[in-house]
Structures are given as structure tokens and as C-alpha cells.
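One structure is given below, encoded as C-alpha cells.
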Amino acid sequence: MNNHFETVLFLILPVFLFAQNPQLNHPDKKSKKVNFAFIPIVSYNRSFGMQFGGMGNAYFNVKKNDTVSPASTLGLFGSVFTNKTYFVSLFNRLYFHNDQWRTKTGIGFGNINFQTFYETPEGIPGTNIPDDEGEFIDYRTQMTFLYAEGTRLVTGRLYLGLRMVYSEVKTQFDSDLVPDETLRLFGFGLVTEYDSRNNVFTPLSGINTKIKTFSFLEALGSTVTYHRINIDFNKYFSLGNNATLLARFYGAVSLGDSIPFNGKNVVGRDDLRGYTNGKHRANQVYDIQSEYRWNFYKKWGMVAFAGVALATDNFKGDSYSGLLPSAGAGIRFKAIPSRNVNIGIDAAIGKEDWGIYFRIGEAFTR
């Protein structure tokens, strides 16, 4: 999906994960028809500052006699950061017909204050950018979006489906070196997911892999024409009842002759931890990583992870970032044992960057 929407998912990810799977299996007979919950949010992000907000959710079953599908969710989310970033979103996640159908929808708006790194092999006279160096440039993105996705179980644990997004984006830079950008994006794409995890929220074994595409076409009303492909592959190796080892590959590729600023990919976000400053932005981003998860004492657990990423436009010239290593660790506490919901904090370090991550739920389960 387009880059600014991924930024919103990155910022609300810990809460969004909790909302997707309030019950990991089917509900018991004592469950109410509709359950409500409110989650206050106080967190910190190195690039955006302190976060304050909240989310209210309603959990329900589409059909009472469906004992296979997880509970569905309707939620309202709002958040503001101390750097004046804010957003509001209404989202919906439905499971029905014995988990043969899954849908996601979302609508929202917000303002994102962030930065990008501008570099040039030749210094620019009259600026503070010397040869072979660069500087960070602040920008503001105002956006609205509407997202929808639907998949159908076709065989075994393989789901196939379609998705669409409509968004309006206006980006303004605090420098004349980068032109402002106003976009209207209307995209359609395909979704393929194979999911054999033993548990969709805190898996110990199995495979989860997704391939998702988007095409933004001027013929359908978009300001520009380009295409996106997202691939992620997760393999979980069980190390007993209390530990697992995850191996992961992730790729995000934007294709086309006129890829906009908001269509490029950034190292970090909700994937490779340790990169938060937005420096490495390109048409293509790839990473491989591994994570060890261990529940070492009653409700307490820990994670340790390491990986490497790269960003490039075409593997030629100055667009190639080189290899970007990352490593870190975190602590976990099982806040809701009956639902296997963990909360925790991770710290990670990358190349000339670092990050601290407060989270509800584990990484890579969105």
C-alpha cells in the first residue's frame, strides 16, 4: 500500500494488533454477543515524540453458531504526538463463514510530521550541503484514506482476494530542494496469504506468508501511475512449549517511471527495528531477520532479534544504501493469559540510528 498509509499502520500497530484478535480461538458459550473495550495509549516514538490517545473496540461474532471464526472487531482510534502529528481512524476486521472469509476495512485522516534525507554527490552552492554528504529535511503530510480488503479460503490454508485504497495526500517540505507533492491515489491489487500458524497471535510453529500488490493508474483517476508489491515470509520453529525461533524475509518494491515521494519505501517502520529517522528511502527495500522468543518465568518473557536490510532504486549508482544491520532485545509480560496477549518494550540499534518500541502483541502478526 502507499507509503503514508504504512506510516499510520506503523504508529498504531501495537493497538491494531490487539484489536485484530481479541479471542484467538472461537468464543466460549459464556461470551456476550458484543464485548466492548477501551485502551488508553501513552507511548514514545523517537521520531515523533510522546504519544497520547485511545481506542474503543467492539468485539462480536458475525454469526452466533460459527464456532470456528475468531471474533470480529469494529474500532475507533485517535492519537496525537508532541511533534504535532495526529490521526483518527475507524477500522473493521471481519471473520465469518467458519473462517473461510476474512475482510479488512479502514477509513481515516491525519497529519504526519517527519523527515527525509537529501543527499547529492555534488555539493550545492549556497546551501550547507557539501560534496558527498546530505542533510535531513522536515516535511508535513496531510492525508485521508479509505482501505478495503477481502480474502477467501480456496484450499488448505491458502487465502486469495482483492484489495483497494483511495487516498488524498498533500506533502510540503521545509526546503526548496524537494518539490511539494499533491496526490490523489486510487489503487487496486491482489492478496495471497498462506497461514499454517498454530496460533495467529503468538505462534510457536507454522508458516505465514503474504504477497500483496497495488496498481495506481492515471486511467482510473490517480495523479500518477505506478505499482507496488509487498512480500513477507515468516517461518516459526518450535523450541518447546515456551520458546520459538522466527525466520523472516520482507520485501517492498515500487515500480514505474514516475514513483512519487509517498510511493517510496523506508527502512524500519513496523519491520526492521533500529531505524527510525527515515534516512533510507528508496524504490525497493529488502530485509532478512530472525527473532528468538522465550517465556522464561510464569508471565514473563524476552525476545532477542537481529537482521540486515538494504534500500535501493535499481542497485546502481548512489541509490544503494549498502547493508544496514540491526540488533536488539526486549522484555514481555503476559497481560491477558487467557488470550496470550503480551505487552512489552524493545530496544534496537541500527547503523547510525536506534529506536525504542512499546508494543502490545508480537511483531509481524499484522
- Residues being in a loop (DSSP other than H, G, I, E, B), charged (D, E, K, R) and under 30 Å from residue 237 (Cβ atoms): count how many of those fall in segment 173-218. 1
- Message: Consider segment 149-206. How many of its residues are polar (S, T, N, Q) and surrounded by fewer than 16 Cβ atoms within 10 Å (Cβ to Cβ)?
- Response: 8
- Message: Quick check on segment 236-249. Is at least one of its residues assigned to a strand (DSSP E or B), among the aliphatic types (A, V, I, L, M) and touching a helix residue (DSSP H, G or I) at 6+ places or on another chain (Cβ under 7 Å)?
- Response: no
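What residue, of 263, 251, 256, is closer than 29 Å to residue 320 by Cβ and in contact (Cβ under 8 Å) with a residue 60 or more places away in the chain?
Details: 251 fails: in contact (Cβ under 8 Å) with a residue 60 or more places away in the chain; 256 fails: in contact (Cβ under 8 Å) with a residue 60 or more places away in the chain.
Being closer than 29 Å to residue 320 by Cβ and in contact (Cβ under 8 Å) with a residue 60 or more places away in the chain holds for just one of 263, 251, 256, which is 263.
Would you call residue 58 at pLDDT below 85, buried (at least 19 other Cβ atoms within 10 Å of the Cβ), of a type outside the set (Lys, Arg) and closer than 22 Å to residue 335 by Cβ?
The answer is no for residue 58.
Check 334, 316, 351 and return the single one that is modelled with pLDDT of 90 or more and either in contact with a Phe, Trp or Tyr (Cβ under 9 Å, 6 or more places away or on another chain) or surrounded by fewer than 17 Cβ atoms within 10 Å (Cβ to Cβ) (or both).
Details: 334 fails: modelled with pLDDT of 90 or more; 316 fails: modelled with pLDDT of 90 or more.
So the residue among 334, 316, 351 that is modelled with pLDDT of 90 or more and either in contact with a Phe, Trp or Tyr (Cβ under 9 Å, 6 or more places away or on another chain) or surrounded by fewer than 17 Cβ atoms within 10 Å (Cβ to Cβ) (or both) is 351.
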- On the given criteria, is residue 277 under 20 Å from residue 45 (Cβ atoms), assigned to a helix (DSSP H, G or I) and not aromatic (Phe, Trp, Tyr)? no
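Quick one: in segment 61-75, of everything that is surrounded by 15 or more Cβ atoms within 10 Å (Cβ to Cβ) and of a type outside the set (D, E, K, R), which residue is farthest from the chain's Cα centre (by Cα)?
Start the filter on segment 61-75 by keeping residues that are surrounded by 15 or more Cβ atoms within 10 Å (Cβ to Cβ), which leaves 61, 66, 69-75.
From what's left, of a type outside the set (D, E, K, R): 61, 69-75.
Values: 61: 26, 69: 24, 70: 21, 71: 22, 72: 20, 73: 18, 74: 19, 75: 17 Å.
Top of the filtered list is 61.
The values are calculated or read from the model by the stated rules, or taken from the named source; none is laboratory data. Worth saying up front: this structure is predicted, and the values here are computed from it rather than measured. Here Cβ is always computed from backbone atoms with ideal geometry, including for glycine, and neighbour counts include all displayed protein chains.
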